1. How would you classify region 744-884 from its alpha-carbon gyration tensor, with a ≥ b ≥ c the square roots of the eigenvalues: rounded for a/c under 1.5, else prolate if a/b is greater than b/c, otherwise oblate?
2. Using a 4.7 Å Cβ cut-off, which Cys residues in the chain lack a partner cysteine?
3. Give me, ordered by chain and number, the residues 5 or more places off residue 105 or on other chains with an amide H under 5 Å from its own placed amide H.
4. Using the Cβ atoms and a cut-off under 12 Å, what net charge is assigned to the surroundings of residue 702, where Lys and Arg are +1 and Asp and Glu are -1?
5. Within region 214-295, report the chymotrypsin sites (Phe, Trp or Tyr not before Pro) that DSSP leaves as loop and that have at most 15 other Cβ atoms within 10 Å.
6. Extension gain residue 799-residue 739, at 0.36 nm per residue separation less the Cα-Cα distance, in nm?
7. Rounded to the nearest 500 deg cm²/dmol, what is the calculated helix-only ellipticity per residue at 222 nm for the chain, with -39500 (n - 2.57) per DSSP H run of length n ≥ 4?
8. Using alpha-carbon positions, what is the distance between the centroids of region 195-252 and region 146-168, in Å?
Amino acid sequence: MTSDPLLALRPWEAPEVTSWGRQPMNAVDRRPGALPLDGDWRFQLLSAPDAPVGGAWSSACVPGVWTMQDADGLDDLPQYLNIRMPYPEFPPGSPAANPTGVYEREVDVPAEWAGRRIVLQVGAAESVLLVHVDGRPVGISKDSHLAAEFDLSGVVRAGGRATVRLTVVKWSDASHIEDQDQWWHGGITRSVLLYATDPLHLADVTVRAAYSGELRVDCRVRDAGGALPEGWYLTGELDGRPLDQDAEFDRANVEDERVSDFLGEARLLTTEPEVRTWNAETPELYDLTVRLHRADGTVTDTSRHRIGFRDVEIVGRDLLVNGERVFIRGVNRHDFHPLTGRTVSYDDMRADLVLLKRFGFNAIRTAHYPNDPTLYDLADELGFYVVDEADIESHDHAHEIADDPRYLNAFVDRVSRMVLRDKNHPSVIIWSLGNESDYGANHDAAAGWVRRHDPTRPIQYEGAAKLDWAATDDASDIACPMYAPLEDCVAHALSGRQTRPLIQCEYSHAMGNSNGTLADHWAAIEATPGLQGGFIWEFWDHGILQRVSDGRTAGRGGAGLYDNGVAAPGYRWAYGGDFGETIHDGAFIADGVVFPDRTPKPAMYEHREIAAPVRIECFRHEGIVLANHQHFRTLDWLSGAWELVLADGRTLTGPAELPDLRPGETAAVPLPFEVPRDGGEAWLTLRVTTAEDQPWAPRGTEVCVPQIRLRGPAEAPVVPADRSVEIDDEGLLVHPLLTLAPTLSLWRAPTDNDELGGMALRWRTWGLDALVRKVVSVREDAGRVTVEAEYAGTAGVVRHRQVLTAVEGGVRVEEEAELPEAFHDVARVGTVFETVPGLDLLEWFGQGPWESYPDRRAGAPVGHHSLPVDALFTPYLRPQESGGRHGVRRFTLSAPDATGLCVALDEPRQVSVTRYRAEDLASAAHHDELVPRPGCVVHVDAAHRGLGTASCGPDTAPSYLVAPGVHRWSWTLRVL
């Protein structure tokens with residue numbers, strides 16, 4: 001039996017024990033003057049928390065997770081699961097094999113700290129933290145994503161040296177309520193520091209800064225020696241101007257007998273007469289300083305804050321910020337890095353938010369736990385609305401734990417400590433009680449604490465509201481469903497039953513080639529009172545950089561081994577199952593709008609245009625209508641430039657003077673160009689950029705590219721040539737630039753949505769991935785060759801007709817495919833062919849330059865685009881259909897000497913050009929398994945199925961499905 005009282009308590013299997021010896025959470029700024037303890041610590045990885053410490057020490061970096069540090073003997077690697085726990089024990093049990101990290105180092109305590117209160121702060125540890133100093137037990141903490149502080153004043157000596165040991169137990173009763181959709185890790189994930197205060201210190205600071213300009217600062221004071229000294233007082237400054245002491249508050253406390261010998265309370269007040277208010281568009285911040293004094297005027301403690309004046313309230317079914325109904329254009333964000341796991345630097349977090357800001361996001365849900373504290377400072381500064389979420393998710397055992405009284409304290413503890421830490425951030429507008437944990441008494445208890453402590457913000461919890469969006473008696477002030485069908489949301493808003501705002505906590509699942517119908521969602525949201533937005537799942541693809549040779553993580557040494565979303569040769573982005581784990585959920589961890597290296601996926605451009613602050617509303621007469629779609633800001637921070645794109649290859653440019661529009665206003669402006677009578681189809685584009693440097697973007701950064709069509713396409717004449725078309729014995733076109741002749745294609749390499757939504761299985765069952773072609777007839781008449789063929793699958797036969805006609809400079813291909821009723825939802829109907837090597841440049845007139853699909857095309861303006869073929873392919877972590885361009889009118893594939901081929905289409909079509917056949921992509925699990933083909937694989941589709949988000953959420957809309965029946969299309973192939 002162990003003599004260590006912390007181990008004897010076995011806190012890793014005691015949900016009633018959330019802490020021991022831990023200081024109360026507070027919102028006091030302690031960073032100035034602290035002694036950082038980050039760096040290399042002595043380290044041992046034990047097989048269980050009660051295993052003896054002994055043998056040789058290795059080293060581990062703090063902060064960091066041992067699962068990502070490539071040290072000798074560390075064979076506990078990352079494991080990914082979405083819902084299932086990684087071990088079979090029921091709550092609150094943990095497995096006998098329980099990796100436990102022991103971190104140890106010496107600390108030299110500054111001599112000048114003599115007589116002061118000395119505190120150890122551990123930023124975060126997964127999942128149970130045990131603290132010893134010089135072999136003496138100091139404390140316990142749970143909650144893997146909030147800091148724990150321990151008073152060491154009676155344990156260490158100023159001017160002396162102390163040995164600090166931090167023991168981190170990976171699996172515990174707490175793991176059952178930290179069952180989030182992310183990698184399982186173990187370690188100390190945020191910084192460790194030591195700081196000192198005067199015994200008379202600020203115990204907490206609560207700031208209430210209202211939209212009206214009224215400021216109230218409530219402070220709590222304690223003395224480590226026991227009773228408070230006589231005569232202490234507070235002073236404060238706001239941007240250098242003194243605050244007033246609230247004498248009425250002091251008097252009322254005395255009259256109500258709320259005065260304590262060991263807890264002091266005081267309030268400071270002021271009113272800003274011309275207040276600059278905070279919102280996500282104009283995040284105005286003030287500097288607040290609070291000082292604690294002894295009776296003789298000596299300053300014993302100081303706390304500094306950046307604060308914003310703003311109000312948040314719910315009126316009817318609207319969430320209001322400063323009295324305005326704002327759209328929540330949000331994303332769910334984890335603390336993640338492909339080399340360090342959950343340890344994220346200041347620069348990384350700032351880069352995250354800068355990128356989101358540039359792509360039109362204004363809100364973050366901290367899925368599914370409080371994020372690193374620095375993130376909230378950055379959200380305040382850069383301008384984001386934050387849904388701050390408690391570290392509670394009991395996904396695998398949600399029903400059992402929601403009402404389990406053993407976990408009651410844990411629920412209230414985690415929610416209350418989050419609120420106490422983050423309450424002074426203007427960016428935090430909503431508290432969330434957690435995620436996917438059913439709904440029970442434990443949630444109600446936590447909600448009751450929040451409503452009492454902070455009545456200035458609403459609460460949300462999807463589990464409370466999921467059964468009845470119109471309820472008013474549960475623990476959620478917001479109906480915040482998860483992946484609700486768009487038609488259900490609209491129907492609810494129009495039903496007359498809606499009682500609260502509807503803001504989806506998760507929607508538009510970004511796994512692989514996804515985010516279809518995002519524009520449809522936002523068209524409905526902006527047109528339907530009661531709908532106010534939502535949070536895309538999610539920001540990151542959580543791919544971990546892995547060495548292919550030995551399957552180990554690249555660790556911190558992997559910096560520079562990836563670019564533009566692609567891992568360097570010899571490395572790959574690992575997902576579930578790649579570390580030898582037998583229980584995992586595969587690539588479901590790769591479901592973000594950015595790749596693991598923060599490279600934006602094409603869906604980010606879709607969101608940017610949907611969230612555009614300035615838009616072209618319509619074209620009428622000789623002008624257009626521009627609109628300001630912001631909530632608080634005019635257009636004076638933006639500049640613009642006009643482009644007139646003509647089908648004949650010309651692009652005319654000119655400056656744009658944006659009108660002076662207040663939020664929500666529109667204005668008619670004349671056309672900036674006289675549209676030439678010739679040139680065919682014409683599109684007017686407004687390229688909007690930042691006029692001056694912004695905190696998140698330098699001057700000239702592109703903000704959005706609204707576009708409107710001024711003139712439709714003109715039908716191009718087809719001039720027959722007096723020659724025949726060459727075909728082979730199978731009735732297939734013979735062409736010097738083609739290595740595989742044009743044939744019918746109904747199959748695409750399944751996207752993640754196709755696989756998890758069940759469509760890919762259905763298509764394989766129908767045999768669409770292996771259609772057998774049979775020639776029925778070949779007829780030649782006056783230079784025209786008509787080939788009738790049948791493509792047989794296991795569930796039906798597709799009749800296909802191809803008419804080949806020699807035309808000036810090439811051949812015209814007219815096609816017709818008749819799909820039987822059995823093929824009621826296929827991936828595509830179109831043509832596939834392959835070219836000779838050397839045609840490495842694609843130029844096209846259509847939507848671009850980035851990837852687009854029928855239900856994800858709003859972010860790709862029509863224009864004349866050019867990219868190397870190898871840059872067209874999008875490297876989703878699991879290879880799949882990608883690289884398509886929607887609305888293509890014509891394209892050329894050329895070699896460096898400008899030779900090549902040109903394809904003109906009968907109408908705008910879906911086109912893709914890559915180095916891979918569909919079967920190449922479908923058979924590969926990672927990109928390092930792909931071998932590019934020397935030529936180009938070209939698809940020209942008459943119809944292409946939408947992407948949807950069926951991996952987790954609704955499929956694409958019915959209008960984007962490819963139906964049975966007759967499909968017709970034509971195209972002309974010419975040699976350059």
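1. It comes out oblate by the Cα gyration axes.
2. 61, 219, 489, 618, 704, 902, 936, 952
3. 164
4. Working: positive: 358, 608, 687, 699; negative: 609.
Charge balance in the 12 Å sphere: +3.
5. 262
6. Stretched fully, the residue 799-residue 739 segment lengthens by 19.2 nm.
7. Values: 14 runs with 119 residues, N = 976.
Estimated from H runs of four or more residues: -3500 deg cm²/dmol.
8. Their Cα centres are 28 Å away from one another.
None of the figures in this text is laboratory data; all of them are computed from the coordinates on show. Model, not experiment: these values are computed from the prediction. Every residue, glycine as well, gets a Cβ built from its backbone with ideal geometry; the counts of neighbours run over all protein chains shown.
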